[in-house]
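Asker: Below is a structure I'd like to ask you about.
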Amino acid sequence: MKIKRFFASDIRQAMRMVKDELGADAVIMSNRSVDGGVEIVAARDFDEQLIHNKLQKDAAERKAQNPEVKQPPLQDFAAENKSAQIISSTRKKGADGSVPPRPLRRDFDEYLGYAEKMQINRPRRLQPDPVQKPAPAVSAKIEEIPDEPAPAIQEKTVMSARAEEPVSVARENSANDQLIKDMFQELKSLKMTMNSRLSEIGWRQNSQSNPVRVELLHRLVDMGIAKNLSMKVAGRLSNYQTIDPAFKKAQEMLVNVLPVYNDALLDYGGIAALVGPTGVGKTTTIAKLAARFILKHGPRQVALITTDNYRIAAHDQLNTYGRILDVPVRVAADAEQLRNLIDGFADKRLILIDTAGMSQRDQRLAEQIQTLQHDDLRIRPYLVMSAATQYKAMKEIIQAFQIFQPEAGILTKLDEAATKGAAISALIEQRMPLSYVTDGQQVPEDLHVASAKQLIEQCAAESDQESDYNAILDYDDWVAQGYA
Ligand SMILES: Nc1nc2c(ncn2[C@@H]2O[C@H](COP(=O)(O)OP(=O)(O)OP(=O)(O)O)[C@@H](O)[C@H]2O)c(=O)[nH]1
Ligand SMILES: [Mg+2]
């Protein structure tokens, strides 16, 4: 790995020097304003751990040299369990000059429609039928068997007594100990087998007594809908006698609870920042939005800004789109430059800000907020997510990027997702409204205004209708997660 420090009068020049010397794959490790310009530390053949150590060392040295200069502490939002605020200009300052925080997202009930009573909360453990309960006597007996060895004090007494016993008695005792250990193990595995079999019987009985509910669960799970959401939907439709109307109703319920954002960005313009994990399609979606706006409102209405100062290649990608669409592209190194650039684009109706893709676990997310945070500018963050993301990861992403207080979500790569249900479930559960979806790489054809009905219909159409519905669901998995 090669690390080098560059100094130049402005960020563009510094970036050019990095590109010339280290190539397009160079990674920007840090940048800061210094007297007379900017200083960038960049690396080639990137090794994250090494860089982390070096940055820490540099910071410690700088601190030792200038002990009076206080760096703002990097907020650990996860630890503090609170959100940073991106404050929009539309909110008026109070009498004391402070800006009130954004109101919380509208209550979920607004999205529920006729299914409003359906609670999209945490999964509730199903109450098993009385017949499903393990026989109390057996289970109680097994519970009583201790997993741990006897307390230390007893063990010590036994051991010191043993020390005085003849060798043959000691051997006999140790053989007995082993025998008891083996018996513990056997009983443990017997207990597990019994629990598993009892659940299986319960699941089968459930399927016989309520076949529509079980088949509905199959279909919803086939659509990729998360288990807890499937259980809630199927639970509310257990009075249906036939599967087809029940499945239709289930789809209607999902349409009603999938939040959609009535977005006017492409009608009236504004300033939008696309944030999200790496590689989800932020830059491509920016190009699609820009092209759509130009097609609708004519040329010279759009400007693009990137705050991605981590990868040289990111600038090249946006510049290419800028050239094709004939729109200006600028780079903002920090919050101040971003403000100046936005002020300079006062004649543009739509300003789209591209940001560096970051993992939801990346501490640098907080730095990005600082760049986008302006009291007097209405920058609307959109969270871009790939539809191919797994349910748990998707939930984690939505939660982590809440610190940007996204106006809405954009779901990309619908064409690549085997099932869209996982992403849809996470959006429903996290109440993240969708504004646009994308389903391909073509600019701008593959961008669409989000429609809950279309999404759920596509999802249902793609589900595996050929499934063997007589086979039981993977009950072990459901039991383990407390759904059966
Ligand atoms: N199949 C498919 N590919 C897409 C879609 N949107 C974007 N892509 C592709 O996904 C890849 C990554 O897209 P980018 O726009 O560079 O993603 P990004 O989020 O800006 O990536 P980073 O800036 O690296 O975080 C590119 O090859 C795009 O062409 C989509 O809807 N469907
Ligand atoms: Mg990008």
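Asker: If packing is taken as the mean number of other Cβ atoms within 10 Å per residue, what is the order of 175-184, 318-327, highest first?
Answerer: My ranking of the peptides, most packed first, is 318-327, 175-184.
Asker: Mind giving me the FRET efficiency for Arg171 and Lys392? R0 is 41 Å, r the Cβ-Cβ distance, nearest 0.05 is fine.
Answerer: 0.20
Asker: While we're looking at this one, here's another question. Going by the alpha-carbon gyration tensor, a ≥ b ≥ c the square roots of its eigenvalues, is the range 405-445 rounded (a/c under 1.5) or, if a/c is not under 1.5, prolate (a/b greater than b/c) versus oblate?
Answerer: oblate
Asker: What's the exposure ranking of Asp354, Asp376, going from fewest to most Cβ atoms within 10 Å?
Answerer: Values: Asp354 25, Asp376 10.
Placing the least packed residue first, the sequence is Asp376, Asp354.
Asker: Under a point spin-label approximation (7 Å from Cα along Cα-to-Cβ), what is the Ala313-Thr242 distance to one decimal in nm?
Answerer: With each label point 7 Å from Cα toward Cβ, the separation is 5.6 nm.
Asker: What list of ³J(HN,Hα) couplings, whole Hz, do you get for the range 319-335 from phi and the Karplus terms 6.51, -1.76, 1.60, once you set θ to phi - 60° and write x for glycine and proline?
Answerer: Karplus-based 3J(HN,Hα) across the range 319-335 equals 4, 4, 4, x, 5, 4, 8, 6, 10, x, 10, 10, 10, 10, 7, 8, 4 Hz.
Asker: Okay, moving on. Could you sort out which of Lys248/Lys413; Lys282/Lys420; Lys232/Lys395; Lys227/Lys248; Lys227/Lys288 sit more than 30 Å apart by Cα distance in this structure?
Answerer: Distance filter (> 30 Å) returns Lys227/Lys288.
Asker: Would you list Ser386, Ser174 from fewest to most Cβ contacts within 10 Å?
Answerer: With the sparsest Cβ surroundings first, the list reads Ser174, Ser386.
Asker: Could you please rank Lys2, Lys249, placing first whichever residue has the fewest other Cβ atoms within 10 Å of its Cβ? Provide the component values of the computation, followed by the final result.
Answerer: On the way: Lys2 11, Lys249 17.
By the 10 Å Cβ count, ascending: Lys2, Lys249.
Every number in this text was worked out from the coordinates using simple rules, so none of it is lab data. Fair warning: this is a prediction, and the values are worked out from it, not measured in the lab. A quick note on method: Cβ atoms are made from the backbone with ideal geometry, for glycine too, and the neighbour counts reach across all protein chains shown.
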